[in-house]
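Scroll down for the structure; my scribbles are underneath it.
The values are calculated or read from the model by the stated rules, or taken from the named source; none is laboratory data. Only a predicted model underlies this, so the values are computations on that prediction, with no experimental measurement involved. As a convention, Cβ positions derive from the backbone with ideal geometry for all residues, glycine included, and neighbour counts pool all protein chains shown.
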Amino acid sequence: MVLKKITYSLFFVCIFTLFTSCKEDTYNTSRVDAELVPIDRSIKEDSSITAFIAPYKASVDKEMDSVLAYAPTSISKNDTRYNTALGNMMADAVFEMANPVFKARAGYPFNAVILNHGGIRAPLNKGNVTTGSAYELMPFENEVVVVELSGFQMKELFQYLAKGKAHPISNLQVILNEDGSLKKGTIQGHEIIDNETYFVATSDYLQKGGDNMTFLSKPVSLLTLDYKIRNVLIDYFKKYDTIAPVRDDRFIKE
């Protein structure tokens with residue numbers, strides 16, 4: 001009997017505690033203390049942490065420093081206004097390396113490539129081209145996607161390119177009037193037909209309207225290749241022992 005009374009007592013204590021603990025308590029902040037802790041060389045290195053990460057760092061450094069190709073000259077996205085060798089190389093790399101992937105899935109190749117000037121995050125310096133070079137050029141996780149665009153959307157694309165930024169393009173040509181306005185735009189040497197559709201490779205960032213490329217955001221169709229642009233560059237560098245792109249006639253100003 002005593003055990004039964006104790007059991008009942010504990011039961012009621014638990015029930016009381018449960019209900020009272022569910023009541024909302026109101027707390028008011030009386031003071032907030034903050035302290036700025038600068039992260040600089042004055043902070044002493046923790047030898048145990050350094051020792052722990054050392055083998056991982058060595059492995060990453062070995063991978064990043066692996067030589068894939070050679071660049072005879074340094075090139076930058078700011079070398080010229082309308083057309084840069086570096087931008088041409090990146091767009092051509094996507095066209096060449098990603099097209100077989102798309103063709104294997106769709107049964108036909110895509111027609112052209114457009115990337116963005118701001119997506120190039122570093123120059124390609126003279127000397128050894130390494131895996132790290134690809135990460136410097138494209139540190140983001142952007143992937144290649146292929147959009148099917150109407151003729152009207154393609155015309156929007158050319159009007160966008162005519163604004164004077166050296167966006168990387170491949171298999172597209174932009175011809176500008178003397179005043180910088182668009183005179184003509186072609187894809188693989190052909191003028192745009194309104195009721196046709198065209199397949200253009202780009203990045204998933206731009207397809208979602210990045211850099212105000214809204215003409216890419218509502219395509220007729222969309223196919224994601226699961227192929228990072230950084231990996232495109234790595235594969236491209238592995239394929240060619242010398243990386244020496246040039247400026248050409250993708251942008252012409254009369």
- Task: Give the residue that is farthest from Ile234 (Cα to Cα), with candidates limited to residues of segment 25-72 that are among the acidic types (Asp, Glu) and not in a helix (DSSP H, G or I).
- Result: Asp25
- With (1) surrounded by fewer than 19 Cβ atoms within 10 Å (Cβ to Cβ); (2) in contact (Cβ under 8 Å) with a residue 24 or more places away in the chain as the list, and Gln153 as the residue in question, which single condition is left unmet? (1)
- Restricting attention to segment 123-163, which residues are assigned to a loop (DSSP other than H, G, I, E, B), over 24 Å from Leu222 (Cα atoms) and aliphatic (A, V, I, L, M)? Ala162
- Query: Can you spot a residue in segment 110-121 that is part of a loop (DSSP other than H, G, I, E, B), touching an Asp or Glu at 6+ places or on another chain (Cβ under 6 Å) and among the aliphatic types (A, V, I, L, M)?
  - Reply: no
- Message: Looking at Lys184, Lys165 in this structure, which one is closer than 23 Å to Asn78 by Cβ and surrounded by fewer than 17 Cβ atoms within 10 Å (Cβ to Cβ)?
- Response: Lys165
- Message: Restricting to segment 24-57, and then to whatever is surrounded by 10 or more Cβ atoms within 10 Å (Cβ to Cβ) and either in contact with a strand residue (DSSP E or B) (Cβ under 9 Å, 6 or more places away or on another chain) or under 28 Å from Ser133 (Cβ atoms) (or both), can you tell me which residue is modelled with the highest pLDDT?
- Response: Thr50
- Message: Can you tell me which of (1) polar (S, T, N, Q); (2) over 30 Å from Lys57 (Cβ atoms); (3) at pLDDT 95 or above is the one Thr131 doesn't meet?
- Response: (2)
- Item | Residues that are touching a residue at least 40 places away in the same chain (Cβ under 8 Å) and either surrounded by fewer than 17 Cβ atoms within 10 Å (Cβ to Cβ) or over 15 Å from the mean Cα position of the chain (by Cα) (or both), drawn from segment 199-211 | Phe199, Val200
- Item | Criterion: in contact with a Phe, Trp or Tyr (Cβ under 7 Å, 6 or more places away or on another chain) and either among the basic types (Lys, Arg) or crowded, with 20+ Cβ neighbours inside 10 Å (or both) - qualifying residue of Leu115, Leu68, Leu137, Leu86 | Leu68
